[in-house]
Amino acid sequence: MQYTLSLALVDFLPVFFTAVGLAYIARMVAHVNSAQGKIAMLGVVLTVAGGFFKALWKLLIATSNGAIDINWMEDGLFVFMAPGYTLLAWSVWQTVRSVQGKKMHHAWLLPMLFIGLMFAASFYLTISQPDSPAWKRVLLSAMVLATFITGILLIVFSFRQKLPLAGWLFILNLVGIFLLNGLARMDEQTIILQWIEEGINAISWLAFAVAANKVYENARTSFGVDTQRVGQPAVA
């Protein structure tokens, strides 16, 4: 697949919007529970790293006319984002439970266990089927599932907190993600189609960033930080 320089540069825009939006989500989580905030921030770093390296890979391909093809940067989209979104989904779920006054689980145990099993399965497929993309599919499936769960949790949380605009913006983001998945499956990826995909990607993650800012501002005014008792709801 070929990329023009302008198309490669525009690909950094949704990465920026994603970084801003997820940073707000991590701050929102940290404001409710500091331990979960650390998990969320690690998830943000991994997720943004995956998007950044993929955008950088496209830029190198475009500027070198395909001569510079660093495979780990392209594959990093799955390797970094799968665990990153897993941690985000977990921390957001725990935050929602905390706000509802429900008991929270051990901060790191379950997400790290899931990530370990996910990478073990992917590594096994890499060794047993070296010419197959099956190892990517494991990571991609985990990433899509975690992204969907995170989106649904944020949508429900927004409407429960009486933030309808944020809720609809999160819905717009999730619709954009599904549209991109459908377009990416098309056999012929023309330049025009890629521009359409970049436009949808940028708009959907701009919507996410705006919505994330709103839920963070709401959390900052509505909830206190629980730094003492991990597993208990924060005190407003």
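The values are calculated or read from the model by the stated rules, or taken from the named source; none is laboratory data. Since the model is a prediction, treat every value here as computed from it, not as a measurement. FYI the Cβ positions are ideal-geometry reconstructions off the backbone, even for glycines, and counts take in every protein chain you see.
Does A55 satisfy the criteria of being surrounded by fewer than 20 Cβ atoms within 10 Å (Cβ to Cβ) and either of a type in the set (S, T, Y) or touching a residue at least 40 places away in the same chain (Cβ under 8 Å) (or both)? Explain how you work it out, then say what you get.
Details: surrounded by fewer than 20 Cβ atoms within 10 Å (Cβ to Cβ): no; either of a type in the set (S, T, Y) or touching a residue at least 40 places away in the same chain (Cβ under 8 Å) (or both): yes.
Judged against the criteria, A55 is not a match.
Would you check if S222 is surrounded by 15 or more Cβ atoms within 10 Å (Cβ to Cβ), more than 14 Å from the chain's Cα centre (by Cα) and of a type outside the set (F, W, Y)? Even if it seems obvious, please write down each step before you answer.
Details: surrounded by 15 or more Cβ atoms within 10 Å (Cβ to Cβ): no; more than 14 Å from the chain's Cα centre (by Cα): yes; of a type outside the set (F, W, Y): yes.
Against the criterion (surrounded by 15 or more Cβ atoms within 10 Å (Cβ to Cβ), more than 14 Å from the chain's Cα centre (by Cα) and of a type outside the set (F, W, Y)), S222 does not qualify.
Determine if segment 75-93 includes at least one residue that is in a helix (DSSP H, G or I), among the charged types (D, E, K, R), in contact (Cβ under 8 Å) with a residue 60 or more places away in the chain and surrounded by fewer than 20 Cβ atoms within 10 Å (Cβ to Cβ). Spell out how you get there, then give the answer.
Filtering segment 75-93 down to residues in a helix (DSSP H, G or I) leaves 75-93.
If we keep only those that are among the charged types (D, E, K, R) as well, we get 75.
Next cut, in contact (Cβ under 8 Å) with a residue 60 or more places away in the chain only: 75.
Adding the requirement that they be surrounded by fewer than 20 Cβ atoms within 10 Å (Cβ to Cβ) leaves 75.
Among the residues of segment 75-93, at least one is in a helix (DSSP H, G or I), among the charged types (D, E, K, R), in contact (Cβ under 8 Å) with a residue 60 or more places away in the chain and surrounded by fewer than 20 Cβ atoms within 10 Å (Cβ to Cβ), which makes the answer yes.
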In this structure, is A67 out of contact with any Leu (no Cβ under 8 Å at 6 or more places or on another chain) and in a loop (DSSP other than H, G, I, E, B)? yes
Condition first: in contact with a strand residue (DSSP E or B) (Cβ under 6 Å, 6 or more places away or on another chain) and not in a helix (DSSP H, G or I). Can you find one or more residues in segment 7-19 that meet it? no
Would you point out which residue out of M118, M186 is in a loop (DSSP other than H, G, I, E, B) and of a type in the set (A, V, I, L, M, F, W, C)? M186
Boolean, L46 is touching a residue at least 40 places away in the same chain (Cβ under 8 Å) and either part of a helix (DSSP H, G or I) or not acidic (D, E) (or both): yes
Restricting segment 139-167 to residues that are farther than 17 Å from L87 by Cβ and without any contact (Cβ under 8 Å) to a residue 24 or more places away in the chain, the one farthest from the chain's Cα centre (by Cα) turns out to be K162
Assuming Y124 fulfils every condition listed in (1) at pLDDT 90 or above; (2) aromatic (F, W, Y); (3) under 21 Å from the mean Cα position of the chain (by Cα) apart from one, which condition is it? (3)
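Can you pull out the residues in segment 96-119 that are under 18 Å from A26 (Cβ atoms) and either touching a Phe, Trp or Tyr at 6+ places or on another chain (Cβ under 8 Å) or aliphatic (A, V, I, L, M) (or both)?
At the first step, the residues of segment 96-119 found to be under 18 Å from A26 (Cβ atoms) are 96-99, 104, 107-108, 111-112, 115.
Answer for segment 96-119, where residues must be under 18 Å from A26 (Cβ atoms) and either touching a Phe, Trp or Tyr at 6+ places or on another chain (Cβ under 8 Å) or aliphatic (A, V, I, L, M) (or both): V96, V99, M104, A107, P111, M112, I115.
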Within segment 22-29, can one find any residue that is assigned to a helix (DSSP H, G or I), under 29 Å from P133 (Cα atoms) and at pLDDT below 95? no
